Structures are given as C-alpha cells and as structure tokens.
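What follows is a set of notes on a single structure, which appears directly below.
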Amino acid sequence: MSASSSTPPSPPPAIEARELTKVFPLQWSKGYMVAVDKVSFTVNAGEVYGLIGPNGSGKSTTMKLVLGLMAPSLGTTKVFGLSTSDVRARSEIGFLPENPYFYKHLTGAETLRFYGKLCGLRGRSLQERIGELLELVDLEHARDRRLAGYSKGMLQRIGLAQALVQRPRLVVLDEPTAGVDPIGSREIRDLILRLKQEGISVFLCSHLLEQVQEVCDRVGIIFQGKLRREGPLDELTAIENQTEILLQEASPALISKIQALVQAEGADLLSIGRPRTTLERLFLDEVERGLADARSAGAHSAEPSPPPRP
Amino acid sequence: MDPQPDIPAEYHGRPRRPLVRKTLVILLVLWTFGAVRGAWETPLIARLRGADLLQAVPAQETETKLGRNAVLAILGGMRPLMAVYAKLSAVDKWEIADWDEVEKWYGITILLQPEDYQHRIDLAWHCAYNARAYYETSQHVPSGVDRAREMEVWTDKGLAYLDAAIPEFPDRGELLQEKAQILERKKHDPCAAAQTYRLALGKKGVLGYVERFVGYQLAQCPGKEQEAYTYLKRLYDEGEKNHLPTLIHEVKRLERKLQIPLLLRIPDPEPDLPGTRNTVPGLKVP
Amino acid sequence: MSAPNHAPMPDRPVPPIFSPGRIWTLAAATFTQLVRMRTFYFLLFFAVLVFGMSNVNLLYTAEQQLSTIRGTSFGAMWLFAWLFAVTATAVVIPRDIEDRTLYTILSKPVPRVEYLLGKFFGVLLVITVALGAMLLLSGVVLEFRKAGLIAETRIYLEQSPDITPADIQGQLDAISNEGFHPRLFTAAWIILLQAAVMAAATILVSTFASSSLFTIIVGIAFFLIGHGHRIAVDYWSEGGATNNWLAWAAKVVPDFHIFNVHEKIVAGSTAAPFVMAEITAYAGVYCVVYLLLGWYMFSDKEF
Ligand SMILES: Nc1ncnc2c1ncn2[C@@H]1O[C@H](COP(=O)(O)OP(=O)(O)O)[C@@H](O)[C@H]1O
Ligand SMILES: [Mg+2]
C-alpha cells in the first residue's frame, strides 16, 4: 500500500459541476438557447453555496442538471463523487423546487410520511423523524392541517422539511424565500444556518441578494447562463486596492493625525465609514458587464430577460 | 445521433431531440407486438367464439354484417345501455300507437344487440298482438283505413320477423313457441301451430307445457284427430302430472269424435273443474 | 484510485433498485389524490341508474327485466372503467408536473419506472374499488328484484289450473338464473383488465403529450380504434389483396375484441378458469408492453 493511505481521504465535494451546459432548442423556430453555458463550480462538503442571478439566467436549470432531472448537453456533475443517475446519490440529496405545491389534500404530517416512505423509512423511525422535522421547521401546530390551508411561508417550510426527511447530506433549494414575507424569510434563513451547523451542505439560488449574503459561505454570480464571478463572499466583496482600518474609540485628534499621515504618504483617504461594496453593487456591475459583452459579441440568438431593477 | 445543425459545434453533445428516434422505436415495437400477438390472438378468438364467449357474427349480407359489426365493435360494452334507451323509445311510441316508430326503434335495439333473441320476440309480439289489436278496436284509427287488411299486415309482419330470426338462433325454442302462438291465436291455423310447437320441443327455453300444446293444436287440426288422440292419450298415460283439465277435456272430445270403445276411454273428470284453454305462463301482458 | 471517496455513507443502506413498497406508497397517494377529486360521485349516478332500471316496468318478461338490469349496470361499469382509466391517467401525471410534485418525488431515490407504476396501480385501485362497489350494488338490486318477480310470477302461474307444479318450477328456475350469479365476478374482472390495458396505453400516450386534453382525446381514439379496426380490416380484406397494406399497418394498433367476452358472460355464458387465466395473461402482456414503452419514453424525459 502507498504511504498516502495513512492520511484520511478528504471527503468528496458535495457537488462538483464541470462545464455544465444545457442547450434548449426553441419550440417554433430553428434557433436554440443556451440556458447554462459551461458552468463549473464546486460546493464543498458542509458549505453553503449561493447561486445568484436575475430571473431567467439559468439558476433553476443548473439545479435540475445537478439533480439529474435534466441531462446536460455537455459536461458532468457529481454529487459526493457519484453520478446523479445513481439512486445512492439521490438519497443524499433533498430538493425544494421553486414555488412548490404539494398534494393539497394531505396534512403536514402526511406529506412528510409520503416522502419518508419514498425514501424507504418505515414505522417508528419514520414517525420520530416526522416529529423532529415538524419541530425543526416550527410546524408542529399545523401538523394535522391540510396543506390547502398553509401560507406561502409554511409551504416553503414543509417543503424544506420534506427535503430533509431522509437526512440528506446536501440540500438544494431553489429560491427558498421567494414570495415569503420578511418574517418568514428570516425563519428560513435561520433554518439554513442551522443546517450548516449540522454539517449539511446547502446549494441555494436566489435573485434576492441580501439573503444570500447573510447565509452563504461562497457565491457564484450567473448571468445569461454564464458563471461570471465565483468565490468566498469576503473575497468577492473586498476591494483589492483599498484597505479598511477599523478603529474603536478613536478621538478626533487621532483621526486628524492619521489623515495627515495619509496625505504625507501620498495616498488618498476615500472615506471614513463603511468602505465595503455590497453584494448588490457587485451583482449589478456584473450584470452591466454581461450586457456589454452580449452587445459586442451578439452571441446568443435568444433574448435574455432584463435584469431586475435595483 | 440526431443532427444538431443549428447549434454551434462547441455545444454539440448528447442528441438533443430523441423524440423522433424514440417515436420510431416505439412504433416498431408496437408493430412487432402486433405481428407476434396475432399468433395467439387469432386462435384465442376462435376458441372464445366456440365457447360462446364472443359474439360470432351470423352469416348475412355484407352490408348488414358491416353495419352490425361496426356497431358491435365500436360501442362495445355501451351497447346494453344504448339498447335500453332504444327499447324505452319503442315503448314510448307504443303508448301513442305509432307502430312504424315502434318497428324502427326495435330495429335499432336489434342492431345493437343482435345476440338477444328476446328483442326479436318483443318486436313480433308488438306487431302481431298490439298493432293488430289497435287496428281491430281503437277508435283513433282514421276512417278510410282498411282495418281488416291492416290487422293481417301486422300479424304477417310479426311472423316474418320471427321467420327471419329463427335461423339465427337454431337452438332457441322461444322464437318457435312465439311463432306457434301467433299462428294459433291470430291466424287460427292449428295445423301450422301444432307443427311449429313440435319444432320447438327439446330446444332451449322450452318448458313442459309445450309438449301438451302440440297435442291441443293437433286436436283442432282437421284430419289429424287420430294422431292427436294417440299423442294426448300417451301424455295422459304418462301419469297423474298430466291429468290437467284441458288435456282431459280434449281427450274426451276426441274419444267421442273418434268413437273410441267405452272400455278404452279415460275416466270422467271431476265435474267442478272447468275445461280451460291453455294459458301461456311467464307472459305478462301489460 | 481512492475507493473510499466514492463509497456511500457507511451508515446509509443502499436503497433498493426496485421496491414494491415505494410503488405502493405512490399508488396509495394517487388513490387518495383521485378520491379527493370526487371521482366517486360517479357511483351516485350509477346507483340512480341501477335503481331506476330496476323500477322500469315496461318490459316483457321477468327474465328480461333482470337481464336488462344486468346489462345496464355492466354497461355502466364498462363505460366507467375504461373512460376513467383514460381520463384519470391523463390527468394525474401532468398535474404532478404542474405542481412540481414530480420534481420532489423524482429527486428522492425513486426510479422513474416506479413512479409510472405507482400512477398505474393507483388508478387501477380506484377502478377496482369503484367496480367492486358497483358490482355489490347491482347484485343487491338484482336479487331484490328477482325475489319480487319470482313472487309475482308464482302467484300469476298458480292461478292457472292447466299448469303443472313442474312447469311453475321450471319457469321460476328460469327467472332465478337471471339474478346475481358468481360468473358476474369474472365479467367485472374482464372489465377491469380492459381498463388496465387502457391505463397502460394512456401512460404511454401521456409520456409524449404535453396536455391532459390531448392525452384524453388520443386515449379515447386509441380505444375506439382498438375496438373498430378489426372490422375494417375484415371488411376490406374481403376485397382482395388491394388493401393488404391496411391490415399490415393495423398491426401497430391494439385489438380489444377479446375484452368483449364480458358481454356474453353478463348475458349468461360462463368462462372456464383457464380461459379467464388466458385472457388475464393476454391483458398482462399488453400492459407490460405499453408500460415498458412508456418507461422508455419517460426515462430521460425532461421537465
Ligand atoms: N424546458 C425548457 N425549454 C426551453 N427553455 C427553457 C426550459 N427551461 C428553462 N428554459 C429557459 O432557460 C432560461 C433559464 O431558465 P431558468 O433556469 O428557469 O432561470 P432562473 O431559474 O434563473 O430564473 C430561461 O430563459 C428559460 O426560458
Ligand atoms: Mg428559477
């Protein structure tokens, strides 16, 4: 045996997407549209990864490719090192689709029982799991109510519970907070953070940047099917030729001293305050750059939907 | 692989539209399945027809055959429902004595359920009894209509429907029995009636009394008295169960007519029993 | 290379490739889904029809009254079964797609063939329960009516002095034979078999189709062709070789002629157990072929 066998193998990444591409033929014309264009990214085990981009930029399509609900035109995707067509891979994934509706005639508990049974859970362990999950998503009070009477936020939460039923190591959430009121999205964000604490990898997408910013370790910015920027949140939002000095209890005298020193050294003091860019700013920059690229190249035949108004 | 002519080469990958290819594969499999299952299907259908489990279509002119077959095939299990509808429509027309319509709706009923001989009997009964009675007694018959002629026309129609149906159901006795009854009651032709009752004997659906009816009609047929006497006497001798009022009455009448020696005659019936004419059981005349 | 990286989690058993339990879970969900769509209201209509028929007193003989009740109730059962098989199957899958329930189901470790089988058996379960209820109802009505007719006929016949007790018994036996009989179970079974074939065929159609309406129309056309084309082929093949291509092309479409056996059974014929087994196998082969083709189409369908 080789010497390397003594070191424990690093766990395989939760998602490893290489050159993922999805080309849709257009229905009534001979054209095509590239919904996802050679997207490569990695979601490490235990990480929360956010994919952001305006509507129609290819987020949901990327997720379906990762889940194996669609076959990529090109490229590969692996979940914990397994192909997604492998049932073993799918028992490691929980999925919450965009705007889900479940069987309206089922109650919250019945919904979880249904999905639990599909995952092979039975009897007492299933019963206990249902209790745990309802507690986790704070729906114990609605346990025996039909989903027809659930609010949007409750539906998203039962959807999240459904995704978690077989204790997957990866959850894929498509716009988990879309259409949910601020309090509801707060609860969902807290849930995502709890999952992270438990070591579950999360792959989510959103067009609501603020929320991604709060929970994600790393983000990818996707626009017109292309992954524009990718990286840890801190790195992406840091401005490289700027430095921030954070002081506490600084007297005005100290500040004027620093100002003088800066001037003496030939640097510019830009501002005193919060110098970071926001993810929102970064995002809009990328969208603008993407649109400029598209204008100059005229590459795709299909019109993308316009970016959201800031 | 499906061609992907419109997509730049850098995006060429898996075939993007397997639909056409898959449709062709599916059609091919369905065709092969169709070709292979024939070897099972054809003998199975023949066996089912042999076991009286599938409708074997009686030989007819092609036009009727196609018409009937198409109805049989396409309506499938709906036929009983449609037939009930057609029959109720016929009953409706019967109530207003529109005999042509009754005939038409029964025609549809029979088209829908050619295998149900009872519809043929119903139709004959409507013609020979109800329509006939209408022309005989109704005040609504327009003046100028030749009542006697219409009565005969409708009676003959009834008989004609039965004559058409009898070869289609060679094993059923009910049709012959119905025909014999019309001959007996409406045509007053006991000789033909006796012969027809006799044809019915031993067939499906024929009960014991028909055996006696043969004798009763023979007894009315001029020139057949001796044959009738022998026939009825044999039934009488079979035992107590046949010692019915009509039978005794007829035997005694024939004994007198044929001047059978007193010693060979049957004993007198009990005086209080009336000599009834035969009645047809199971017939509910509404 | 390093195998441990690719091993599933040690504490998680590998889910079975094929699991009747999962199919049952999906079938039961489909069953409740359909029941919630108020499909059993059809039974009310059926009850009205059967009770109505049993009170229509315009017909000829007692036997005929009973056979009419039988014919109409089995006609309604037949119509319900195949039409429901087409419409319910056509509605159930697109609805899952629309609600995105399909995504959540298929992203669980559920092979697609199990999803299709779950829908198939769910629809059949509803049809089985409905047919059972209708069979029970028509049986009760038949026996009830039979008792009444026997009593009436006995009184009527006993008035006639010219009729022997044996004749009366013969007549009453004839009426009795027209009541409920265990052979009617076999007729209902054949109706169910035809519905199963239609459900499988509709699953195949719906893997092509994008709308329920299209699936329903094609499914009904499929049924009519399956019952009608034999006649067309027979008719034209009498004309000689000119139309052989028609018979050749007709091999693509099904032949449902054999499922008409139920009519004769309702009318009075009995099918031997081996005949029933053979027809069941015949229907089974149809179902397997259609479901396999549906699976072939569905296996890489994208939503
Ligand atoms: N099944 C499909 N057929 C054709 N085009 C599709 C299909 N699914 C998505 N698209 C197109 O792909 C693009 C990306 O869609 P999607 O991934 O849903 O975007 P997002 O989730 O980011 O809003 C859109 O322009 C959409 O119209
Ligand atoms: Mg989306």
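Please treat every number below as a calculation from the coordinates, not as lab data. Just so it is clear, the structure is predicted and the values come from calculations on it, not from any experiment. Cβ: placed from backbone, ideal geometry, glycine included. Neighbour counts: every protein chain shown.
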Worksheet item: Stretched out fully, how many nm does the piece from A:Arg143 to A:Ala292 gain, at 0.36 nm a residue minus the Cα gap?
Response: 48.5 nm
Fill in: Residue exposure sequence - C:Ser269, C:Ser206 - by fewest surrounding Cβ within 10 Å
C:Ser269, C:Ser206
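Given a Förster radius of 60 Å and the C-beta distance between C:Phe18 and B:Leu262 as r, what FRET efficiency does 1/(1 + (r/R0)^6) yield to the nearest 0.05? Intermediate values should be presented prior to the final figure.
Details: r = 93 Å, r/R0 = 1.55.
Taking R0 as 60 Å, the efficiency between C:Phe18 and B:Leu262 is 0.05.
Determine, from the Cβ-Cβ distance of C:Ala28 and C:Trp248 and an R0 of 45 Å, the FRET efficiency 1/(1 + (r/R0)^6), rounded to the nearest 0.05. It would help to have the intermediate numbers written out before the result.
On the way: r = 44 Å, r/R0 = 0.97.
E(calc), rounded to 0.05, equals 0.55.
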Practice prompt. Please determine, in degrees from 0 to 90 and to the nearest 10, the orientation of helix C:165-176 with respect to the longest principal axis defined by the Cα atoms of chain C, where the helix direction is its Cα long axis.
Written response: 20
Worksheet item: Among C:Val141, C:Val56, C:Val205, which one moves the most in a GNM of chain C with springs linking Cα atoms closer than 10 Å?
Response: C:Val56
Worksheet item: Taking H as built 1.01 Å from N, whose amide H comes closer than 5 Å to the amide H of A:Val48, not counting residues under 5 places away?
Response: A:Val202, A:Asp217, A:Arg218
Discussion item. I'd like the orientation of helix C:183-208 relative to chain C: the angle between its Cα long axis and the longest Cα principal axis, in ° from 0 to 90, rounded to 10.
Written reply: 30
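Give me the tail of P(r) for region A:2-120 as a percent: Cα-Cα pairs with distance above 19 Å.
On the way: 4164 of 7021 pairs.
So the portion of pairs separated by more than 19 Å is 59 percent.
Would you please classify the overall shape of region A:65-126 from the alpha carbon gyration tensor, given that a ≥ b ≥ c denote the square roots of the eigenvalues, rounded means a/c under 1.5, and beyond that prolate means a/b larger than b/c while oblate covers the rest?
oblate
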Discussion item. What aspartates and glutamates does C:Lys119 reach when the alpha-carbon gap must be under 13 Å and sequence neighbours fewer than 8 apart in one chain are set aside?
Written reply: C:Asp96
Worksheet item: When we measure straight from the Cα of B:Lys233, which lysines land under 30 angstrom away, once same-chain ones fewer than 8 places off are left out?
Response: B:Lys179, B:Lys186, B:Lys187, B:Lys203, B:Lys204, B:Lys224, B:Lys241, B:Lys252, B:Lys257
Response to the item:
So the FRET efficiency between B:Ala9 and A:Gln27, C-beta based with R0 = 25 Å and rounded to 0.05, is 0.60
Worksheet entry | Table column - 3J(HN,Hα) (Hz), region C:144-156, Karplus curve with 6.51, -1.76, 1.60, x for Gly and Pro | 5, 5, 4, 4, x, 5, 5, 4, 4, 5, 4, 4, 4
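Pick out, in residue order, every one of the trypsin sites (Lys or Arg not before Pro) in region B:186-270 that is DSSP loop and has at most 14 other C-beta atoms within 10 Å; say none if there are none. If you can, show how the numbers build up before the last one.
Details: sites: B:Lys186, B:Lys187, B:Arg198, B:Lys203, B:Lys204, B:Arg212, B:Lys224, B:Lys233, B:Arg234, B:Lys241, B:Lys252, B:Arg253, B:Arg256, B:Lys257, B:Arg265; in loops: B:Lys186, B:Lys187, B:Lys203, B:Lys224, B:Arg265.
Sites meeting the loop and neighbour criteria: B:Arg265.
Could you grab the relative contact order for chain C? Cα pairs under 8 Å, six or more apart, rounded to a whole percent.
Numbers: 298 pairs, mean separation 75.4, N = 303.
It rounds to 25 percent for chain C.
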Worksheet item: What's the percent breakdown of Cα-Cα distances in chain C across 10 Å bins, shortest bin first?
Response: 6, 22, 26, 21, 14, 7, 3, 1, 0, 0, 0
Worksheet, complete the sentence: Rounded to the nearest 10, the angle in degrees between the Cα long axis of helix C:62-98 and the longest principal axis of the Cα atoms of chain C comes to 10
Worksheet item: Straight-line reach from A:Lys78: which aspartates and glutamates have a Cα under 14 Å away, not including same-chain ones fewer than 8 places off?
Response: A:Glu16, A:Glu19, A:Asp86, A:Glu92
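Counting other beta carbons within 10 Å of each residue's own, what order do B:Lys157, C:Lys119 fall into, fewest first?
Values: B:Lys157 19, C:Lys119 26.
The fewest-first ordering by Cβ neighbours comes to B:Lys157, C:Lys119.
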Item to complete: For region B:94-138 and region C:124-172, compute the distance between their C-alpha centroids and round to whole Å.
Response: 25
Fill in: Least to most buried among A:Arg124, C:Arg70 (fewest other Cβ within 10 Å first)
A:Arg124, C:Arg70
Worksheet item: What net charge do the residues around C:Ile168 carry, taking every other residue with its C-beta under 14 Å from that of C:Ile168, with Lys and Arg at +1 and Asp and Glu at -1?
Response: -3
Practice prompt. Please turn the phi angles of region B:167-184 into ³J(HN,Hα) values with the Karplus equation 6.51 cos²θ - 1.76 cosθ + 1.60 (θ = phi - 60°), one per residue in order, whole Hz, x for glycine and proline.
Written response: x, 6, 10, x, 9, 9, x, 4, 5, 5, 4, 5, 5, 4, 5, 5, 4, 5
